[in-house]
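Please read the structure below before turning to the comments.
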Amino acid sequence: MYVSIPPKISVSKVIGRIKGKSALMIFDRHPEYREKYNRHFWARGYYCETVGNVNEETIKRYIGEQYERDRMEGDTGK
């Protein structure tokens, strides 16, 4: 996921919102998960990396390539 965060907002706050809102959306669409995961869908931690001397297009291309590779591996049963 590629996210641009303003300097005044902490990374942990943004990640907390993303994880919180996405968990609510998942529980709304799949109520059976609410009981299965005891309302704790995501793990407590997260990984964050900053990018330095790389432009936005390079990052988006990399993410797309990762998605495509994962999709291809899923299709072949690996």
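Every number here is computed from the coordinates shown, using simple stated rules; none is lab data. Everything numeric here is computed off the predicted structure, so don't read it as measured data. Cβ coordinates were reconstructed from backbone atoms using ideal geometry, including for glycine residues, and neighbour counts include every protein chain displayed.
Under the simplified labelling scheme, the residue 35-residue 65 pair shows an inter-label distance of 4.6 nm, with each label point 7 Å from Cα along Cα→Cβ.
Only counting other Cβ atoms within 10 Å, I'd like 15, 26 sorted with the fewest neighbours first.
Working: 15 18, 26 15.
Listing 15, 26 from fewest to most nearby Cβ atoms yields 26, 15.
Think of region 11-76 as having a plus end and a minus end, set by charges on the Cβ of Lys, Arg, Asp and Glu; of 53, 24, 64, 24 sits farthest toward the positive end of this dipole. Each Lys and Arg Cβ is given +1 and each Asp and Glu Cβ -1; about its Cα centre, region 11-76 then shows a dipole of about 520 debye.
For a test of the definition: using alpha carbon positions, the gyration tensor, and the 1.5 limit on a/c, classify the chain as rounded, prolate or oblate. Don't skip to the end; give the middle numbers.
Working: a/c = 2.74, a/b = 1.19, b/c = 2.31.
Judged from the Cα gyration tensor, the chain comes out oblate (a/c at least 1.5, b/c at or above a/b).
For residue 24 and residue 53, the FRET efficiency from 1/(1 + (r/R0)^6), where r spans their Cβ atoms and R0 equals 35 Å, is about 0.40.
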